[in-house]
Amino acid sequence: MLSNDLNLNRVGWLSLFTVCVLLICDTASADDIHVDPDQGNDAATEGPLKTIRQAIRIAKPGDTIHLQPKVYHEYAGFYGKQGTPDKPIILDGHGATLEGSEPIDVTQWAEVKTDLYRCENLMPALSDAILQRWFFLWDGKMVHMGRTSKGPSKEFKQPDDLQPGEWTFVKKADPTAQTVDAKQSSQVNGVFYLKLSSGAQLSEQNLRYPVRSAGVQFGGSGKNHNAHLVIRNLTCTHPYNDGFNIHGHCEDVLFENIRAIECGDDGISAHETAEYRVDGFVSIGNSTGICDTGASKTSYNRVFIRDCLGFDLFFLDTGRYTLTNSVVLSSAVRTLMLSGRDNPEQPCSLTMKNVFIRRVAGKNEVRVSRNCVLDASHVTLMGLNFQATGGDVRLSDSLIIGAAAPADAHAAYDYLAASANREDALNPELLIWKDVKWTADRNRYALQSLRVDKTFFTPDQFAQFQQLTGQERESKWVSSITAETGCGADLTKLKQSTIPQNELDSVRVQSLLP
């Protein structure tokens, strides 16, 4: 018996030793990869690397890529990169910024008239899509010339019509476009023009232009898809397309505490069958705050959006989307739109919970179209119309109320400044088309008008609305919400968890919050 006990003890200790060795080896296999654009060397066998590209290329499951809190003039591209469920590959920006623009080369610009400059070879390749997103940074300020990718856009001016501080583009006919394929090419040739103030020097204008298409970019499908990745503490700014451009298929991807600032198109955008989660996202000054398409599946928590141009929120096709604990200060041409495909069996679906959306200036709406599902609870829509032209709307414990036009309706960007009716009263209208499936209760409405199909209702007729729809039994049409509790977004929680402190300290933002 004693001999057997000793043997068992030996086996036990051997098993424990083996497990410890395996754990030590497993831990040792995870590397910290540092990237320093100033001191790094991609060819070195030790010390920091110089480029994010090389760091991503060599990273293996369990590795963490560490950036410096500096500006990086490159993008982070993930193409078929995979960690494992228990050992994700992590890119930690530690406050780094991926800058999409570069200074102009003044030697490429020729003065063709007094204070008017032109450049024929600014970019190696251009397309109408790029030009729709184009901007120049003029002494740090975005100049869009009344154009944006997902909103109404003005025609390019003639060079002689430019005012100081403006730019334009003039297309040139391509003499080589003789074949059908060439004619169908998306390639665009032409000339950029800049107009300076009288006597100003081009070299003193601090002019930059976007040279990169994205800050973070995903691509890959099939076996070469992206999976088990974490990207955090990173800002993307000034690409001509998206801040975070997520294409192809990906799964088990987490973005934490990321920012997209002044991007030519979307702050973040999911395409095809991308699947990811976002926890902490700031989107400011982009053409679109969030735009998700295809059959993607995305989840956003703690999102703050302001001063976007074309759309604040745009969800399309057959995807499944979730937005929670978020704040949108809406200035865009369109605030929130759900747009489905033709197949009712595959609707576009958005779930919202604890979301505050406040229209800043100019009438606008939340729109739900056919083959869409909106499931919203504890949502505040302030100064916004709500129009359901089709689909399935489920609304509970929410507020749709008016908002006072801000005393200072100054627009942050030239594109928004050009928008008409910025001082219109922000009194909401609720319009439900006849084909809409409307399921709602415990809401509070302070409306200018309420309409179901062709029938209008007044506050005194709200009971008739309840009877017609068979819904809203505990809802009310109120004149004031000061005494109402339990409805709408929890703004106290949002101030604590979602709105960045520098935004809370802003007088402008403070004026827009109840």
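With the helix formula -39500 (n - 2.57) applied to DSSP H stretches of n ≥ 4, the chain reaches a computed 222 nm mean residue ellipticity of -4000 deg cm²/dmol.
Would any residue of the stretch 371-391 have its amide N under 20 Å from a label point 7 Å out along Cα→Cβ of Ser480? List them or say none. The answer is 382-383. The alpha-carbon of Lys154 sits under 18 angstrom from the alpha-carbons of these aspartates and glutamates, leaving out residues fewer than 8 places away in its chain: Asp128, Glu166, Asp265, Asp414. Here the stretch 293-375 is assigned +1 on the Cβ of each Lys and Arg and -1 on the Cβ of each Asp and Glu. Its dipole about the Cα centre then comes out at about 240 debye. Annotation: amide H of Gly190 within the under-5 Å range of Lys172, sequence separation 5 or more or interchain, hydrogens built in the peptide plane.
At a Förster distance of 60 Å, what's the computed FRET efficiency of Arg341 paired with Asp115, Cβ-Cβ distance as r, to 0.05? Each step should come with its number before you reach the end.
Values: r = 50 Å, r/R0 = 0.84.
The calculated FRET efficiency here is 0.75.
The charge dipole of the chain, taken about its Cα centre with unit charges on the Cβ of Lys, Arg, Asp and Glu (plus for the first two, minus for the last two), comes to roughly 940 debye. Since only Phe465, Thr168, His34 are under comparison, the one whose Cα sits farthest along the positive direction of the charge dipole of the chain, derived from C-beta charges on Lys, Arg, Asp and Glu, is Phe465. When the residues Asp32, Asp115 are ordered by accessible surface, computed with a 1.4 Å probe over the protein chains alone, the sequence from largest down reads Asp32, Asp115. Of Ser287, Val216, Ile258, which is farthest on the positive side of the dipole of the chain, counting Cα position, with +1 on Lys and Arg Cβ, -1 on Asp and Glu Cβ, and the Cα centre as origin? The residue sitting most towards the positive pole is Ser287. Among residues other than Lys297 with Cβ under 14 Å from its Cβ, the summed charge is -4 (Lys and Arg +1, Asp and Glu -1).
A cut-off under 15 angstrom between Cβ atoms defines the neighbours of Cys372, and their net charge, with Lys, Arg +1 and Asp, Glu -1, is -1.
Pairs exceeding 18 Å between alpha-carbon atoms, taken from Lys60/Lys81; Lys60/Lys223; Lys113/Lys157; Lys297/Lys437: Lys297/Lys437. Note on the stretch 27-87: with charges restricted to the Cβ of Lys and Arg (+1) and Asp and Glu (-1), its dipole about the Cα centre is near 240 debye. Taking amide H positions as modeled 1.01 Å from N, with prolines and chain starts lacking one, the residues under 5 Å from Ala227 and 5 or more places away or on another chain are Lys81, Gln82, Gly83, Glu251.
Using a simple spin-label model with pseudo-atoms 7 Å out from Cα toward Cβ, Arg53 and Asn206 lie 3.0 nm apart. Only bridges with both residues in the chain count here: give the DSSP antiparallel percent, nearest 5. If we restrict to bridges inside the chain, about 15 percent are antiparallel. Label sites at Gln187 and Ser449, each approximated as a point 7 angstrom past Cα along Cα to Cβ, lie 5.3 nm apart.
Please compute P(r) over all alpha-carbon pairs of the stretch 452-514, binned at 5 Å starting from zero, and give each bin as a whole-number percent. Bins of 5 Å from zero give 4, 12, 18, 14, 12, 11, 10, 11, 6, 1 percent of pairs. Remark: relative contact order (the chain) = 9 percent; criterion is Cα-Cα distance under 8 angstrom and separation of 6 or more residues. Dipole of the chain computed with +1 at Lys/Arg Cβ and -1 at Asp/Glu Cβ about the Cα centre; of Thr389, Thr84, Met352, farthest Cα towards the positive end is Thr389.
What do you get for trypsin sites (Lys or Arg not before Pro) in the stretch 277-379 restricted to DSSP loop and a cutoff of at most 14 other Cβ within 10 Å of the site's Cβ? Here no trypsin sites (Lys or Arg not before Pro) fit, given the DSSP loop and packing criteria.
Around Glu262, which amide H atoms from residues at least 5 apart in sequence, or from another chain, sit under 5 Å from its own amide H, with H modelled in the peptide plane? Answer set, sorted by chain and number: Ile284, Gly285, Asn286. For Arg212, neighbours were defined as the other residues whose beta-carbon sits under 14 Å from its Cβ, and their charges (Lys and Arg +1, Asp and Glu -1) total -3. Between Lys363 and Arg394, the distance separating the two model label sites (each 7 Å from Cα on the Cα→Cβ line) works out to 3.2 nm.
The values are calculated or read from the model by the stated rules, or taken from the named source; none is laboratory data. Keep in mind that this is a model prediction, so the values were computed, not measured. Neighbour counts run over all protein chains shown; Cβ positions are idealised from the backbone, glycine included. Accessible surface is based on the protein model in full, side chains and every heavy atom, while ligands, DNA and RNA are left aside. Shrake-Rupley method; radii C 1.70, N 1.55, O 1.52, S 1.80 Å.
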